[in-house]
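One structure is given below, encoded as structure tokens.
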Amino acid sequence: MMVENLGHIVNGKSIHDYGTPIEVFDPSNGKVISTISNASDKTIENTLNNSTEAFNEWKTFSIAKRSSILFEYKILLEKNIQKLAEIISKDLGKVHDDAVGEIRRGIENVEYACGIGEILKGEFNKNISTSVDSWSEFSPLGPVLGITPFNFPAMVPLWMFPLAIAAGNSFILKPSEKDPLGSMFIVELFNQTKAPRGLLNLLNGDKSVVNKLIKDDRIKAVSFVGSTPVAKNIYETSAISGKRCQALGGAKNHALILPDADIDYTTDQLISAAYGSSGQRCMALSVAVVFSDIKDEFIQDLERKVQKLKFGLDDLHSNSFGPLVSKEHLESVKNYIDMSEGEGARVLVDGRDLLKRNNSNDGYFLGPTIIDNVSSDMKSYQNEIFGPVLQVMEVNKLSDAIKLINNNRFGNGCCIFTRNGEQARTFSENVEIGMVGVNIPLPVPTSFHSFGGWKNSLFGDLNIYGPDGVRFYTQRKTITQRWPSSGSSKGVDLSMPNNLKQ
Ligand code: NAD
């Protein structure tokens, strides 16, 4: 059966390049559902020119017009939630409600961008020196680039382009080659608004396309979300080309369970955050650090509930999780489970066995897995697994738990489960992690705050979306002005202007 080549979206139109096709799979059955091709040099050149023209037109649009287009976009997204969720389910294997959740979190960022008049206000000082007023404005940068990962084909692009565009920039999106359909659909929806064509372009392809785009002088800033090695590389390459970059990377997120935690609540929360989306979330909880006093009780409850989890080819609309994104990724996660055993850890619930019991229909399914007796010297602990695997570690002291978490090279998210406010406060003050939850397993900041980890989870100075996003997508211009009355000149003064003397 012939499958469709998806092409690119440039200047509001579908553009096709027919190089070597990259296959896009339905992860629930391993069948090819479409193909993409790397954007050719000609397409890249046309896109960069088109995005530059669109920027020159768009930067003159009033705040009121920009804001009304974002409102229009929000309404279109709301109307199309079900359709978009279906596309994401097919292309990525995310279960329906989970896909709806990601779209909702994405829409929050469009809502934030609708208030651009409020969030882009400059800073003003009257009479900063005698009869001198001074203010700072935040000007757009030009065409900016967003490179996004497979696991949130709608939400992560929506972290980027609505705010970049609201701030007056044009945007080129390069989505993941593994599941481009959801990203393409949200770009098509944007093109149904009254925005100038070419304001939001989408180029498909792999790293070769990324490498050409980031080095081009017409691109003024790069937002990247993906794995840590690539994030670091994109950050370094952007810096060498003299452009600003925010590059968000991978994670290893710990949950600390204190002896006074409510076990039933905690295991429910942990399971939701460890296995939702098959563990393919950068904020997924992948390590449970449990106090020895309660470990047996905790493990018993956890194991009992995990054995009952729905996954695989169960109804993908139900409270379950689907396949991993690709065959290669399934192999990589399975290898980490094998590796843990080799390193001396104990597989308590084995997703590899559960898989055999389930009719996997050639899909990339893996059952939920719990690995106990994990220690910090194990490679399977040090690396991001990014699958439905929860590793369990044991501690006796809060300070030891904080030290363990701080020694990990990632610093995206973490959380603590306790009823003790003092211990929770000590934890959140001392843990070297960008996003901390207290009895909240997935502390993903809302659109009014900004998202970003520490250490190897983010390269760059500013977090993504929210107030940091506004600063990232704009440059400051400071104007100092005086309107002298005639005859007021005090003559030439060669010394550095001294505001106290003026
Ligand atoms: P990935 O790094 O393989 O790919 C991300 C993007 O970069 C894709 O668009 C891909 O085409 C491009 N790319 C891949 N290799 C490249 C290279 N060598 N040079 C230039 N571009 C390249 O990531 P993925 O597998 O799509 O996504 C999963 C990863 O993303 C996980 O590590 C996860 O933790 C991370 N992630 C992080 C966040 C966050 O906010 N920190 C959010 C979501 C996902």
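The values are calculated or read from the model by the stated rules, or taken from the named source; none is laboratory data. Just so you know, these numbers come straight off a predicted model, no measurement behind them. Neighbour counts run over all protein chains shown; Cβ positions are idealised from the backbone, glycine included. We work out accessible area using only protein heavy atoms, side chains counted, and drop any ligands, DNA or RNA first. Shrake-Rupley method; radii C 1.70, N 1.55, O 1.52, S 1.80 Å.
Go through (1) out of contact with any helix residue (DSSP H, G or I) (no Cβ under 7 Å at 6 or more places or on another chain); (2) on the phi < 0 side of the Ramachandran plot; (3) surrounded by 15 or more Cβ atoms within 10 Å (Cβ to Cβ) for N439 and report which single condition fails.
(2)
Given the conditions (1) away from the ligand (no atom under 16 Å from the Cβ); (2) of a type outside the set (S, T, N, Q); (3) open to solvent by less than 10 Å² (accessible area, probe 1.4 Å), which single one is not true for G469?
Tallying (1) away from the ligand (no atom under 16 Å from the Cβ); (2) of a type outside the set (S, T, N, Q); (3) open to solvent by less than 10 Å² (accessible area, probe 1.4 Å), G469 fails exactly one: (1).
Spot the failing condition for Q307; the list is (1) within 16 Å of the ligand (Cβ to nearest atom); (2) touching a residue at least 12 places away in the same chain (Cβ under 8 Å); (3) exposed (fewer than 14 other Cβ atoms within 10 Å of the Cβ); (4) not acidic (D, E), and only one is missed.
(1)
Which fully enclosed helices (runs of 4 or more DSSP H) of region 1-110 have 1 or more residues being at pLDDT below 95 and open to solvent by 50 Å² or more (accessible area, probe 1.4 Å)?
Answer list for region 1-110: 81-92.
Do any helices (runs of 4 or more DSSP H) lying entirely in region 130-227 carry at least 1 residues that are surrounded by fewer than 21 Cβ atoms within 10 Å (Cβ to Cβ) and at pLDDT below 95, and which ones are they?
Correct list: 207-215.
What is the residue count in region 187-223 for residues that are of a type in the set (A, V, I, L, M), within 15 Å of the ligand (Cβ to nearest atom) and either without any contact (Cβ under 8 Å) to a residue 60 or more places away in the chain or within 25 Å of I81 (Cβ to Cβ) (or both)?
2
P388 versus (1) open to solvent by 20 Å² or more (accessible area, probe 1.4 Å); (2) within 16 Å of the ligand (Cβ to nearest atom); (3) over 13 Å from N253 (Cβ atoms): which is the lone unmet condition?
So the condition that P388 fails would be (1).
Select from region 231-251 the residues that are within 12 Å of the ligand (Cβ to nearest atom) and β-branched (V, I, T) and write down the one among them that is most open to solvent (accessible area, probe 1.4 Å).
Among them, the one singled out is T237.
What's the number of the condition E177 fails, among (1) within 15 Å of the ligand (Cβ to nearest atom); (2) acidic (D, E); (3) closer than 23 Å to N49 by Cα?
Failed condition: (3).
Which of the numbered conditions does V230 fail, given that it passes all the others? Conditions: (1) on the phi < 0 side of the Ramachandran plot; (2) in contact (Cβ under 8 Å) with a residue 24 or more places away in the chain.
Condition not satisfied by V230: (2).
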